[in-house]
1. Put Val93, Val38 in order of accessible area, largest first, 1.4 Å probe: what do you get?
2. For the chain, what does the helix formula give at 222 nm: sum of -39500 (n - 2.57) over DSSP H segments with n ≥ 4, over the residue count, nearest 500 deg cm²/dmol?
3. Could you report region 1-119's accessible area per residue, 1.4 Å probe, as an integer in Å²?
4. What full-extension length gain, to one decimal in nm, is calculated for Ala32 and Arg99 as 0.36 nm per residue of separation minus the Cα-Cα distance?
5. Which loop-located trypsin sites (Lys or Arg not before Pro) does region 25-126 contain, where loop means any DSSP state but H, G, I, E or B and the Cβ has at most 12 other Cβ atoms within 10 Å?
6. Place a label point 7 angstrom from the Cα of Ala20 along the Cα-to-Cβ direction, then list the residues of region 83-104 whose backbone nitrogen is under 19 Å away.
7. Within the chain, which is the longest segment that contains none of the chymotrypsin sites (Phe, Trp or Tyr not before Pro) sitting in a DSSP loop with at most 11 other Cβ atoms within 10 Å?
8. When the distances between all Cα atoms of the chain are binned every 5 Å from zero, what whole-number percent does each bin get?
Amino acid sequence: MSYCALTDLIARYGEDEIMALVDRDRTGTPDAALVEGVLADVDALIDAHLAGRYALPLAQVPRVIVRIACELAREALMMAHGARLTDHAPERVAAQGARSMLKDIASGRMHIGLPTPASSAGGVRMDSGGRVWGRAEAEGYL
């Protein structure tokens, strides 16, 4: 499951901008391998942040995750197209904000409106058979 699709990118940034980025050979058709690769990379990055807090795959994708995916995908498509984005470029700033939101989601400072799985009540338990050697058995060695 992808967090955003080509149609989400077009709806958010306009067909002219997105097609300029994904139509490498200028035939009017998006380069499917490019789009799939970029979206898979974005999904993997988002999953890496969500995995510690939410059960994956998500049953429903919150709008904020679609927004994050679109911002990251747009930056990645621009870089794949050869753009050299400065730190102050709007696309870079938006992608950095998306990465910051992912960190906040992973840490629990930002909630996306989905229930978090119940943590297991158990933990690691360790039992010992007792002390084998101690000061009393040292007979002057300590």
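1. Values: Val93 80, Val38 15 Å².
In descending accessible area the options line up as Val93, Val38.
2. On the way: 6 runs with 75 residues, N = 142.
Counting only the DSSP helices, I get -16500 deg cm²/dmol.
3. Numbers: 6700 Å² over 119 residues.
About 56 Å² of surface per residue is accessible.
4. Details: separation 67, 0.36 × 67 = 24.12 nm, distance 2.51 nm.
Length gained, Ala32 through Arg99: 21.6 nm.
5. Within region 25-126, the qualifying trypsin sites (Lys or Arg not before Pro) (loop, at most 12 other Cβ atoms within 10 Å) are Arg26, Arg84, Arg109, Arg125.
6. From region 83-104, the list is 83-95.
7. Answer from the scan: 1-132.
8. Calculated P(r), rounded to whole percents: 2, 8, 16, 17, 13, 10, 7, 4, 3, 3, 3, 3, 3, 3, 2, 1, 1, 0.
The values are calculated or read from the model by the stated rules, or taken from the named source; none is laboratory data. Just so it is clear, the model here is predicted, and its values are computed rather than measured. Please note: Cβ atoms are built from the backbone with ideal geometry, for glycine as well, and neighbour counts cover all protein chains shown. Just the protein is used for accessible areas: all its heavy atoms, side chains included, with ligands, DNA and RNA removed. Shrake-Rupley method; radii C 1.70, N 1.55, O 1.52, S 1.80 Å.
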